[in-house]
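Shown next, in structure tokens, is the structure this report addresses.
The values are calculated or read from the model by the stated rules, or taken from the named source; none is laboratory data. These numbers come from a predicted model, not from an experiment. Note: ideal-geometry Cβ built from the backbone for every residue, glycine included; neighbour counts use all protein chains shown.
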Amino acid sequence: MSEVKQVEEGGDQAQEDLSQERRRSKTMSRKEMARDLRRRRLTGQVDPEEADLLKQMDDTRPRTRADCVNGPRPCMFVSCKHNLYLDVNPETGSIKLNFPDKEIWELEHTCALDVAEKGGITLEEVGEIMNLTRERIRQVETRGLMKLREATEAEPPVSARKPM
């Protein structure tokens, strides 16, 4: 009986280790970010060096995939919609940090386009890259495929279109 209890405790320990291994993403609202910026400006904590650096980075930021395909990795341009470090909700403007416990240079993959160019990978690998579970990746995949099907069904076939 004590052996069974030890096995159960060992399983709980392994499950606890897994939960500590992966931290959930953190979402910051637009109001929270604006409040923080106002506070920093009022207290004089806005660094002029930081402003210069941001302007310089914006000037050098790639505008197309051709500009960035051979660029340095990890990609430091987190404002790019293909960057995996954070996501911006277009409706609310809130930012979700996908890896709250890591800095961008600690990520193995930072660009979704680089991952897509690698070719077929498993749901587990995609989940690890995006800090999501295998099941959530499957749900996103199913939803994306459904949207593609709906879009192609709504569009008339090429042979049925009238020439312009």
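Quick grid of which residues meet (1) modelled with pLDDT under 90; (2) within 29 Å of Ser29 (Cα to Cα):
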{"site": "Lys96", "(1), (2)": "yes, yes"}
{"site": "Phe99", "(1), (2)": "yes, yes"}
{"site": "Glu117", "(1), (2)": "yes, no"}
{"site": "Met130", "(1), (2)": "yes, yes"}
{"site": "Thr133", "(1), (2)": "no, yes"}
{"site": "Arg143", "(1), (2)": "no, yes"}
{"site": "Glu153", "(1), (2)": "yes, no"}
{"site": "Ala160", "(1), (2)": "yes, no"}
**Q.** Cross-chain or 6+ apart pairs with Cβ under 9 Å, the range 21-40 first and among the β-branched types (Val, Ile, Thr), then surrounded by fewer than 13 Cβ atoms within 10 Å (Cβ to Cβ) and modelled with pLDDT of 80 or more
**A.** Thr27/Asn89
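Pull up the range 27-42, narrow it to residues that are surrounded by 11 or more Cβ atoms within 10 Å (Cβ to Cβ) and of a type outside the set (D, E, K, R), then point me to the one that is farthest from Asn89 (Cα to Cα). Break it down stepwise before answering.
We begin by selecting, within the range 27-42, every residue surrounded by 11 or more Cβ atoms within 10 Å (Cβ to Cβ); these are 27-37, 40.
Okay, now just the ones that are also of a type outside the set (D, E, K, R), so 27-29, 33-34, 37.
Working: Thr27: 10, Met28: 10, Ser29: 10, Met33: 14, Ala34: 15, Leu37: 19 Å.
Result: Leu37.
Working carefully through the options Glu103, Glu108, find the one that is surrounded by fewer than 13 Cβ atoms within 10 Å (Cβ to Cβ), without any contact (Cβ under 8 Å) to a residue 12 or more places away in the chain and of a type outside the set (Ser, Thr, Tyr).
On the way: Glu108 fails: without any contact (Cβ under 8 Å) to a residue 12 or more places away in the chain.
Matching residue, one of Glu103, Glu108: Glu103.
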(Q) So, in the range 119-128, how many residues would count as being of a type in the set (A, V, I, L, M) and either within 12 Å of the chain's Cα centre (by Cα) or under 21 Å from Lys26 (Cα atoms) (or both)? (A) 1
Q: Residues being modelled with pLDDT of 50 or more and in a helix (DSSP H, G or I): count how many of those fall in the range 18-48.
A: 16
Q: Kindly list, by first and then second residue, each pair from a residue in the range 86-98 that is within 15 Å of Asn131 (Cα to Cα) to a residue that is aromatic (Phe, Trp, Tyr) and in a loop (DSSP other than H, G, I, E, B), limited to pairs with Cβ atoms under 7 Å and residues at least 6 apart or on different chains.
A: Asn98/Tyr85
**Q.** Cβ pairs under 6 Å, 6+ apart, first in the range 64-76 and on the phi < 0 side of the Ramachandran plot and surrounded by 11 or more Cβ atoms within 10 Å (Cβ to Cβ), second in a loop (DSSP other than H, G, I, E, B) and modelled with pLDDT under 85
**A.** Cys68/Pro62
